[in-house]
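Just below is one structure, and these are the notes that go with it.
The values are calculated or read from the model by the stated rules, or taken from the named source; none is laboratory data. Treat the numbers as computed from the prediction; the structure is a model and nothing was measured. So basically every Cβ, Gly included, is an ideal-geometry build from the backbone, and we count neighbours across all protein chains shown. Quick note on the areas: whole protein, heavy atoms, side chains included, nothing else; ligands and nucleic acids left out. Shrake-Rupley method; radii C 1.70, N 1.55, O 1.52, S 1.80 Å.
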Amino acid sequence: MTDRLAELSAQGVAVWLDDLSRVRLTSGSLKKMLNEQHVVGVTTNPSIFQKALSDADAYDAQVNDLATMGVSVEEAVRLMTAQDVRAACDVERPAYDASKGVDGRVSIEVDPRSAHDTKKTVAEAKTLWWLVGRENLYIKIPATLAGLPAITATLAEGISVNVTLIFSLERYRAVMDAFLAGIEQAKANGHDLSKIGSVASFFVSRVDTEVDKRLEKIGSDEAKALMGKAAIANAQLAYEAYEEVFGTDRWKALAAAGAHPQRPLWASTSTKNPDYPDTIYVEELVAPGVVNTMPESVIKAWADHGELKGTLTDKYDQARKVMADLKAVGIDFDDVVKVLEDEGVDKFEVSWKELLESVQKSLQAGTGV
């Protein structure tokens with residue numbers, strides 16, 4: 001039987017799971033995915049935890065303890081999610097050790113309500129790093145304008161970072177620059193660079209959702225012919241930018257000091273349009289040294305029928321043509337990515353508020369209020 005996930009990994013694509021829950025941990029599901037499906041990392045976000053904590057039974061005992069202690073709802077959420085992430089870090093530790101700190105990482109996100117507040121983001125990043133207490137942790141920081149200096153400051157503290165909600169090439173270049181500055185400061189601060197990791201989460205399918213909606217509205221044959229092409233082209237050009245930045249003398253000096261590169265991570269890889277192949281955002285984005293974080297449904301789909309079609313590194317000219325054609329038919333891509341960033345932050349804020357409300361009710365029930 002063909003092990004398609006092993007073949008994907010052999011091409012240099014690290015397979016990570018975009019999901020986490022207490023049930024997945026206690027059932028042994030995550031450990032099984034590590035051992036049998038080559039899942040060497042985990043990403044979480046407020047939406048994932050909002051869904052996980054809606055399964056009240058799995059968290060009942062902890063909720064009752066926290067209610068008895070009289071902790072605030074914010075404290076309760078952080079303690080519950082930190083416990084899950086800490087346990088996941090322990091499950092993934094063999095992958096972390098085997099890869100010398102490159103894989104085996106688990107992400108926890110700062111409060112999305114702080115996405116536009118640099119100081120709060122850095123303060124929470126340091127607190128979460130202490131609270132989880134595992135060196136294979138990633139602190140997830142949104143790539144907002146306020147997030148960029150927070151990324152640098154957090155890395156300078158020796159804390160590993162997953163930068164999230166990246167949609168544009170311009171912002172991605174700013175993220176890579178923030179990473180380099182942070183590693184340079186970490187070096188000056190005396191930190192062991194080999195222990196600091198980072199990924200840059202470049203979002204994929206959401207780009208097609210927004211662009212396709214606009215192409216449909218334009219309605220011309222030329223516009224409709226471009227549907228389903230923007231996200232992949234955008235991500236392919238992001239990898240070209242990655243190759244450029246991590247080929248510079250500035251990076252080589254840091255690599256010589258033991259630093260790991262900030263790997264591109266393809267996020268939002270489930271297909272939103274049922275007319276598109278369910279593995280399209282995996283097969284079109286194969287390249288050495290990337291991460292593809294997938295929901296379990298995509299991991300299963302790839303294991304069942306995924307096909308390797310070569311790497312993306314010979315498709316840059318084709319990707320540039322797609323972006324030029326999009327502009328020619330009237331797509332304002334700068335506006336597309338602005339809308340997507342704003343929506344991304346808003347969606348996580350909504351999930352976070354729903355999470356707080358749900359836990360508040362559980363805490364009140366736990367105290368008999």
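What to note about this one:
- For segment 292-360, the solvent-accessible area with a 1.4 angstrom probe is 51 square angstrom per residue.
- Each of the peptides 249-258, 199-208, 330-339 was scored by the mean count of other Cβ atoms within 10 Å over its residues; in descending order, highest first, they stand as 199-208, 330-339, 249-258.
- Once the Cβ-Cβ distance of T313 and D57 is raised to the sixth power relative to R0 = 35 Å, the FRET efficiency obtained is 0.15.
- Placing +1 on the Cβ of every Lys and Arg and -1 on the Cβ of every Asp and Glu, with nothing else charged, gives the chain a dipole about its Cα centre of roughly 620 debye.
- Dipole of segment 276-369, positive direction: furthest Cα of P277, V350, G306, with charges on the beta-carbon: G306
- For segment 118-247, the square roots of the Cα gyration tensor eigenvalues, ordered a ≥ b ≥ c, give a/c of at least 1.5 with a/b greater than b/c, which places it in the prolate category.
- When each of the peptides 19-27, 109-117 is scored by how many other beta carbons lie within 10 Å of its residues on average, the order from highest to lowest is 109-117, 19-27.
- Size of charge dipole - segment 48-99 - debye, nearest 20, with Cβ of Lys, Arg +1 and Asp, Glu -1, no other charges: 120
- Long hydrophobic helices in the chain: the complete DSSP H runs spanning 15 Å or more by Cα along their own axis with mean Kyte-Doolittle hydropathy of at least -0.5 are 56-69, 73-98, 118-132, 169-188, 230-245, 333-366.
- Relative packing of 227-238, 125-136, which averages over residues the other C-beta atoms within 10 Å, highest first: 227-238, 125-136
- Summarising the label geometry, the points placed 7 Å from Cα in the beta-carbon direction at N273 and S72 lie 4.5 nm from one another.
- In this structure V40 has an accessible area near 30 Å², from a 1.4 Å probe over the protein heavy atoms.
- Within the accessible area of the chain (1.4 Å probe), percent carbon and sulfur: 51
- For segment 245-369, a/c is not less than 1.5, where a ≥ b ≥ c are the root eigenvalues of the C-alpha gyration tensor, and a/b tops b/c. That puts it in the prolate class.
- Rounded, prolate or oblate (a/c below 1.5 giving rounded, otherwise prolate when a/b exceeds b/c) for segment 32-157 by Cα gyration tensor: oblate
- Whole-number accessible area per residue in Å² for segment 13-170, which is evaluated in the context of all protein chains at 1.4 Å: 37
- Of E74, E349, E124, the one that fluctuates the most in a GNM where the chain has Cα springs shorter than 10 Å: E74
- Put a dot 7 Å past the Cα of A225, heading toward its Cβ, do the same for E243, and the two dots end up 2.7 nm apart.
- Selection from V15, V71, L53, by position along the positive dipole direction of segment 1-96 (Cβ): V15
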